[in-house]
Amino acid sequence: MEAHLVKVIATVTRKTFQTIPRNVWVLGFVSLLTDISSEMIHSVLPLFLVSALGADLLTVGWIEGIAESTASVFKVFSGALSDYLGQRKRLAVAGYGLSTLVKPLFALATSPGWVLMARFGDRVGKGIRVAPRDAIVADVTDSANRGAAYGLRQSLDTIGAFTGPLIAFMLMSFSGQNFRLVFWLAVLPGILAVALLAIGVREPSNINSQRQNNPLQWSALQSLGKSYWVLVAVALLFNLGNSSDAFLLLQAQQAGISASLVPLTLVVMNVAYSLSAYPVGLLSDRIGRLGLLVGGFCVYALAYLGFAFVDAPWQVWGLFGLYGLHQGMSQGILLALVADRVPSHLRGTAFGLINLAIGVALLPASLLGGILWQTISPKATFIAGSVFAASAIVLLLVFEGGRRKSVGRE
């Protein structure tokens, strides 16, 4: 019986891999290489700023805040522009190319201002590429394999996210803490990613005949549909409680994880994310996406409650794994739901707007988390995150219940 079950699972998995379009595979490996490049830098950048350039923690915070806010704004305009032009690949190449082009500035930096310029350029590049890239995945898939496609791309992306810091750790160990060597070597996978994207991805042919004169005009935004805007509202509400992962790392240290092992908690998180994203996406193609998204939000709420009351190191490792499972159950599923619910000629705009909503929420979420941490207790930060997640679940279920009743009456 067990052997038969394993054989069935293997057959389904093989057929699914075969049905995932080439563009998705190429974009997945582009994301993998780009994340290796970016995370090699980001994993040691705060230490470089403080120890090598003499920056204080406030400066580090400003640099990160400006960089991330910039990315969110550009996602809207690049997504809308990809709909308007009917050209997604060129914008994706431009975004990945810009991020790679500015990476040498990290190695050449002699002051925090140089790092700010590099981070700004890197995040502008990310803002330009994300919405067109996600729209390409939607354009070359359908509802039967879209969840698996987004899950596969997310899994490959996350492999890069935990491989990059490990490479940086080894290079730092063997080079005598040579930050600039790490930064120079990080340029190489970035160049490979841009070359692979330029050569390997084909522009989807089904968008060229569906150009939208102005994707951001009111009538176009209305045509995205109520079910899409509810997803935007749910994502906004959920992420108002999704404070910076820095709070998770601080809580891990307070629970007894040594400073040298704290970065490995993120490796555990990303491994769990990578291992779960594709199977969950594949499952969503079989049983539907809504229940899995709600499940992912529930896992987040449980993980944050766990962080509120954690008091032993072994619990920390399990909670980071649970947090990674939440990401695997929600990130790709949300993108697939957006692709399912909006007109094909407005997908770039739709992805850009929902990414903007998420980006707008993350800054006040981290500010709220910090205020609660300092004025009440660390527990309050994580309990608030859990409450926001529960509120998002209620909003999503109430709307979906009403929508199904309305469809049933029709």
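The values are calculated or read from the model by the stated rules, or taken from the named source; none is laboratory data. Given the structure is predicted, the values throughout are model-derived calculations rather than measurements. All Cβ positions, glycine included, derive from the backbone under ideal geometry; neighbour counts span all protein chains shown.
With the structure loaded, tell me whether Gly306 is buried (at least 22 other Cβ atoms within 10 Å of the Cβ) and either farther than 26 Å from Ala138 by Cα or touching a residue at least 12 places away in the same chain (Cβ under 8 Å) (or both) or whether it fails that test.
no
Go through segment 110-129 and give me each residue that's under 19 Å from the mean Cα position of the chain (by Cα) and either buried (at least 23 other Cβ atoms within 10 Å of the Cβ) or of a type in the set (Lys, Arg) (or both).
Arg119, Asp122, Arg123, Gly125, Lys126, Gly127, Ile128, Arg129
For a quick check of your reading: which helices (runs of 4 or more DSSP H) sit entirely within segment 242-337 and have at least 3 residues that are among the β-branched types (Val, Ile, Thr), within 28 Å of Gly348 (Cα to Cα) and modelled with pLDDT under 90?
Answer list for segment 242-337: none.
Give the residue that is farthest from the chain's Cα centre (by Cα), with candidates limited to residues of segment 148-202 that are hydroxyl-bearing (Ser, Thr, Tyr) and crowded, with 17+ Cβ neighbours inside 10 Å.
Thr163
Can you tell me which of (1) modelled with pLDDT under 90; (2) under 17 Å from Asn23 (Cβ atoms); (3) out of contact with any Lys or Arg (no Cβ under 8 Å at 6 or more places or on another chain) is the one Ala131 doesn't meet?
Status for Ala131: all satisfied but (3).
Can you pull out every residue in segment 279-291 that is in contact (Cβ under 8 Å) with a residue 24 or more places away in the chain, over 18 Å from Leu237 (Cα atoms) and hydrophobic (A, V, I, L, M, F, W, C)?
Listed by number, the residues that qualify are Val280, Leu282, Leu283.
I need the full set of residues from segment 137-176 which are part of a loop (DSSP other than H, G, I, E, B) and closer than 18 Å to Gly79 by Cβ, in order please.
Answer for segment 137-176, where residues must be part of a loop (DSSP other than H, G, I, E, B) and closer than 18 Å to Gly79 by Cβ: Val140, Thr141.
Looking for whichever is part of a helix (DSSP H, G or I), of a type in the set (Val, Ile, Thr) and closer than 19 Å to Leu47 by Cβ here; the options are Val115, Val130, Val124, Val93. Which one fits?
The conditions single out Val115.
Cβ-Cβ distance below 6 Å, separation of 6 or more or different chains: which pairs start in segment 326-339 with a residue that is in contact (Cβ under 8 Å) with a residue 12 or more places away in the chain and more than 18 Å from Arg133 (Cα to Cα) and end on one that is surrounded by 24 or more Cβ atoms within 10 Å (Cβ to Cβ) and among the β-branched types (Val, Ile, Thr)?
Gly328/Val280; Met329/Val280
Pick from Ser72, Ser82: which is in contact (Cβ under 8 Å) with a residue 60 or more places away in the chain and over 18 Å from Pro204 (Cβ atoms)?
One residue alone meets the criteria, Ser72.
List, please: which pairs have Cβ atoms under 9 Å, are six or more places apart or on different chains, and start with a residue in segment 258-277 that is in contact (Cβ under 8 Å) with a residue 60 or more places away in the chain and at negative phi and end with one that is of a type in the set (Ser, Thr, Tyr) and part of a loop (DSSP other than H, G, I, E, B)?
What qualifies is Pro263/Ser43; Leu266/Ser43.
With the structure loaded, tell me whether Asp83 is acidic (Asp, Glu), under 30 Å from Gly321 (Cα atoms) and surrounded by 23 or more Cβ atoms within 10 Å (Cβ to Cβ) or whether it fails that test.
no
How about segment 48-101: which of its residues are among the acidic types (Asp, Glu), modelled with pLDDT under 80 and under 25 Å from the mean Cα position of the chain (by Cα)?
Glu64, Glu68
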